[in-house]
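The values are calculated or read from the model by the stated rules, or taken from the named source; none is laboratory data. Bear in mind the structure is a predicted one, so any value in this text is a computation, not a measurement. Heads up, the Cβs are rebuilt from the backbone with ideal geometry, glycines too, and the neighbour counts pull from every protein chain shown.
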Amino acid sequence: MPIENLMEKLVSLCKRRGFIFQSSEIYGGINSCWDYGPLGVELKRNIKQDWWRRMVHLRPDIEGIDASILMHPDVWRSSGHVESFTDPLVDCKNCKQRFKADEIDGDKCPVCGGELTPVRQFNLMFKTFMGPVEEEASVVYLRPETAQGIYVNFLNVLNPSRQKLPFGIAQIGKAFRNEITPSNFIFRTREFEQMEMQYFVKPQEDEEWLEYWKEKRMSWYISLGIKKENLRFHPHTPEELPHYARKAYDIQYHFPFGWKELEGIHDRTDYDLSRHSEFSGKRLSYYDEGTKNHYIPYIVETSAGVNRTLLTILVDAYDEEPERVVLRLHPRVAPIKAAIFPLVKRDGMPEKARKIEELLRPHFNIFYDESGAIGRRYRRQDEAGTPFGITVDSQTMEDDTVTLRERDSMGQVRVEADDLITEIKRRIEA
Ligand code: ATP
């Protein structure tokens, strides 16, 4: 059963529990900018770490980079962004509100019914100036995607890594788009983070790799515990295909506000490396030792949003039961892995619990809580998505065992305190 007003409840939980707050809130906030608090930053780091581990560390064929946000402005001319990274914009002549033209039906303002201006193309790149003089010659852009930092470094990575086709380059970093209508909490914002991987392949092998990455990327979301029925592929229609792509799929998630893109998987052909070769005068090609010729590789791209993945994980994990709200976060991404509770604040239990905390802290992000009734302490952690609760009780003082409570089932088992590290690690990886 869908949960009523899920987005409102989630926004309020995120604020209350320290996941996400509005940026510059004490000054009245700034539209579409969000800050990640103590729990939010952990969740975000865990998502990025898991992506990096699976896309880079576990794969001999993928290298990582971290390119600069500001790049030579010619990068954006050759990529096509200066010319065509635009959205169609209309203004209401009456109430002055702005809309993306392709999001409204009819020719009247959806808010007040007023007359609309003709459509103008609005470039989504943020501009700024490099150096002290604010003139056209010193304009630079905040990157609207991380991908271009990978393409321009193709040879810089290929040469020292001595990779052979097919191989990939991965990057996680901030991107900026001056969106006309940012909306739905952190779903669409003007500043966000991307996790992108560009896979370089032989020209005739692009279709095959597109299918491979499509399945691989879907299985990542499923491995994070996201419900299969809320995920689907959306193949791009010819009208939807971006100018650089021959074929593309979106992975979509069923948000409370509809099916929306979570990640794009694109067959970009040799478009990017050819354009950068042409505009820079430096040929970005590959020497194939097998066939003894030079050619420009094709690229299959997987482009995911960190913040959008985080929102998806929260939406999918949020659950209400009569007695509690619970975030059923996968233990791999949960901000706090285990909470430690002395049952009561006497009889040596707090000291014992502190000892266990010390034992576990080098291995996991841990939370210690001794205040209030044990049921309330459990519920506070359920709402924060903490998968395991460890309780020190009178039996612990006798035989050094503790209760280990699992968040979703609320089932409890007795475990030797010395086995906790192994037991929790096993459960996180399960
Ligand atoms: P949309 O059609 O939603 O604007 P897009 O097709 O322009 O998205 P891509 O350029 O393919 O998106 O970007 C890849 C990924 O980056 C998206 O799937 C999304 O996860 C993330 N992303 C893009 N724009 C934003 C944004 N404004 N806010 C948050 N995440 C974004």
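Rundown of residues vs (1) within 26 Å of Asn5 (Cβ to Cβ); (2) outside the structural domain of Ser219 (by TED's automatic domain parsing), yes/no style:
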{"residue": "Ile299", "(1), (2)": "no, no"}
{"residue": "Glu323", "(1), (2)": "yes, yes"}
{"residue": "Lys345", "(1), (2)": "no, yes"}
{"residue": "Glu357", "(1), (2)": "no, yes"}
{"residue": "Phe364", "(1), (2)": "no, yes"}
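Assess whether Val402 counts as being in contact with a helix residue (DSSP H, G or I) (Cβ under 8 Å, 6 or more places away or on another chain) and at pLDDT 95 or above.
Values: in contact with a helix residue (DSSP H, G or I) (Cβ under 8 Å, 6 or more places away or on another chain): yes; at pLDDT 95 or above: yes.
So Val402 fits the description; yes.
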field: All positions within the range 249-274 that are out of contact with any Lys or Arg (no Cβ under 9 Å at 6 or more places or on another chain) and assigned to a strand (DSSP E or B)
entry: Phe255, Gly258, Gly264
query: Out of the residues in the range 253-267 that are touching a residue at least 60 places away in the same chain (Cβ under 8 Å) and among the charged types (D, E, K, R), which is farthest from Glu301 (Cα to Cα)?
result: Lys260
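Checking the conditions here, which among Ala137, Ala170 is without any contact (Cβ under 8 Å) to a residue 40 or more places away in the chain and of a type in the set (Gly, Ala, Ser)?
Just one listed residue meets the conditions, Ala137.
From the set of residues in the range 215-243 that are part of a loop (DSSP other than H, G, I, E, B) and over 23 Å from Met7 (Cβ atoms), which is farthest from the ligand (Cβ to nearest atom)?
Kept after step one, since they are part of a loop (DSSP other than H, G, I, E, B), are these residues of the range 215-243: 224-227, 236-243.
Going one step further and asking which of them are over 23 Å from Met7 (Cβ atoms), we end up with 236-243.
On the way: His236: 9, Thr237: 13, Pro238: 15, Glu239: 13, Glu240: 9, Leu241: 11, Pro242: 7, His243: 12 Å.
So the residue we want is Pro238.
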Checklist (1) more than 26 Å from the chain's Cα centre (by Cα); (2) within 16 Å of the ligand (Cβ to nearest atom); (3) hydroxyl-bearing (Ser, Thr, Tyr) applied to Thr181, failing item: (1)
field: Checking Ile424 against (1) buried (at least 20 other Cβ atoms within 10 Å of the Cβ); (2) over 29 Å from Lys227 (Cβ atoms), the condition it does not meet
entry: (2)
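Could you tell me which residue of the range 184-214 is farthest from the ligand (Cβ to nearest atom), considering only residues that are under 23 Å from Met7 (Cα atoms) and among the polar types (S, T, N, Q)?
Of the range 184-214, the ones under 23 Å from Met7 (Cα atoms) are 184-194.
Among the residues that remain, those that are also among the polar types (S, T, N, Q) are: 184, 189, 194.
Numbers: Asn184: 10, Thr189: 5, Gln194: 5 Å.
Once the filter is applied, the top-ranked residue is Asn184.
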message: Name the residue that is nearest to Pro88 (Cα to Cα), counting only residues in the range 173-191 that are in a loop (DSSP other than H, G, I, E, B) and aliphatic (A, V, I, L, M).
response: Ile180
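Only one residue in Gly258, Gly305, Gly264 is assigned by TED's automatic domain parsing to the domain that holds Met195, within 16 Å of the ligand (Cβ to nearest atom) and out of contact with any strand residue (DSSP E or B) (no Cβ under 8 Å at 6 or more places or on another chain), so which one is that? Lay out the reasoning, then the answer.
Details: Gly305 fails: out of contact with any strand residue (DSSP E or B) (no Cβ under 8 Å at 6 or more places or on another chain); Gly264 fails: out of contact with any strand residue (DSSP E or B) (no Cβ under 8 Å at 6 or more places or on another chain).
Unique residue meeting the criteria: Gly258.
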message: List the strands (runs of 3 or more DSSP E) inside the range 45-120, counting only whole elements, that have at least 2 residues being surrounded by 16 or more Cβ atoms within 10 Å (Cβ to Cβ) and free of Cβ contacts under 8 Å to residues at least 40 places away in the same chain.
response: 86-91
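Mind listing whichever residues of the range 224-252 are in contact (Cβ under 8 Å) with a residue 60 or more places away in the chain and not aliphatic (A, V, I, L, M)? Don't jump to the end; show me each part of the working.
Our first condition is that a residue be in contact (Cβ under 8 Å) with a residue 60 or more places away in the chain; within the range 224-252, this holds for 224-227, 230, 243-244.
Answer for the range 224-252, where residues must be in contact (Cβ under 8 Å) with a residue 60 or more places away in the chain and not aliphatic (A, V, I, L, M): Gly225, Lys227, Asn230, His243, Tyr244.
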